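Down below is the structure, laid out as structure tokens.
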Amino acid sequence: TVTGVQTCALPISVEARVLLTTTSTANQYIFCNGNGGSAGYGMFVSANSQSITIIYGGVAAYTSTYTIPTNTMTLLSMVKSGTTLRLYANGTLAYSITAGTPVAPSGSFVVGCNGLSSPGETFNGSIDEVRFWNRDLCATEVAFRATCSANGSDPGMLALYKFNQGTGSAANATINVAFDEVSATNNFTLNAFALTGGFSNWLTLASSFSTTCLAAPTLTNVTITGPGTLAVCMGKTITLTANGVTN
């Protein structure tokens with residue numbers, strides 16, 4: 001859990017690599033930003049299924065058509081752009097829906113359960129590399145970072161948690177803080193962890209990515225031309241032509 005990682009209502013992107021072990025009769029929260037009952041964003045595996053549900057604005061819940069596999073590390077990316085809410089799995093668009101403007105988050109950012117006041121609906125499995133952005137990632141960016149580890153200096157990244165502090169499956173009783181790679185002011189505190197043995201602990205995951213991504217995909221220069229001066233009177237129109245990209 002961490003306090004201080006908040007953003008305005010629009011736009012936002014949150015990503016996490018998750019490995020689901022088993023289904024549950026309860027929802028299994030991956031993350032929750034803000035107060036899950038009235039504001040903010042969240043993502044969980046729906047009860048008695050492997051379907052991913054997105055909480056939007058704290059109240060509206062959208063159960064996607066995407067089902068997450070078990071025992072396989074999967075990068076889930078939630079992107080809010082304008083009135084469109086998108087879910088990507090391993091860099092590929094898996095679900096999209098039109099949603100309104102949510103209430104701005106307030107409260108804390110929690111990973112692995114549904115909140116701070118009465119933690120529950122915990123996640124059965126492993127969570128790695130949580131990324132929090134204050135902008136909407138384009139599809140190319142999501143795909144670009146699907147098979148590598150973010151570096152913490154990516155434009156618009158507010159927080160990055162790689163969960164690399166402890167020694168996998170060892171005695172880690174004194175290591176109960178997960179560092180934010182962007183700003184030390186947003187470090188996580190681990191709650192109710194055994195911090196020893198092969199679960200409820202820091203783990204070494206074979207499916208983790210050691211290769212660090214570049215800050216962004218290769219950019220293309222775009223040249224925009226217009227009819228001389230670009231000053232336009234109110235109510236009038238002007239035509240601009242862009243060259244350098246195909247779409």
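Packing, as the average of other Cβ atoms within 10 Å across residues, places the peptides 184-195, 86-97 in the order 86-97, 184-195, highest first. Note that region 90-99 has calculated 3J(HN,Hα) couplings of 6, x, 10, 4, 10, 6, 8, 8, 8, 9 Hz, one per residue in order, obtained from phi through the Karplus relation 6.51 cos²θ - 1.76 cosθ + 1.60 (θ = phi - 60°); glycine and proline are x.
Accessible surface of region 46-205, 1.4 Å probe: 52 percent of it comes from carbon and sulfur atoms. Ranking of Lys236, Lys80, Lys162 by solvent-accessible surface, largest first: Lys236, Lys162, Lys80 (1.4 Å probe, protein heavy atoms only, all chains present). The 1.4 Å probe gives accessible areas that order Thr25, Thr211, largest first, as Thr25, Thr211.
The values are calculated or read from the model by the stated rules, or taken from the named source; none is laboratory data. These numbers were taken from a predicted model, which means no experiment stands behind them. Neighbour counts run over all protein chains shown; Cβ positions are idealised from the backbone, glycine included. The accessibility values were calculated without ligands, DNA or RNA, using every heavy atom of the protein model including side chains. Shrake-Rupley method; radii C 1.70, N 1.55, O 1.52, S 1.80 Å.
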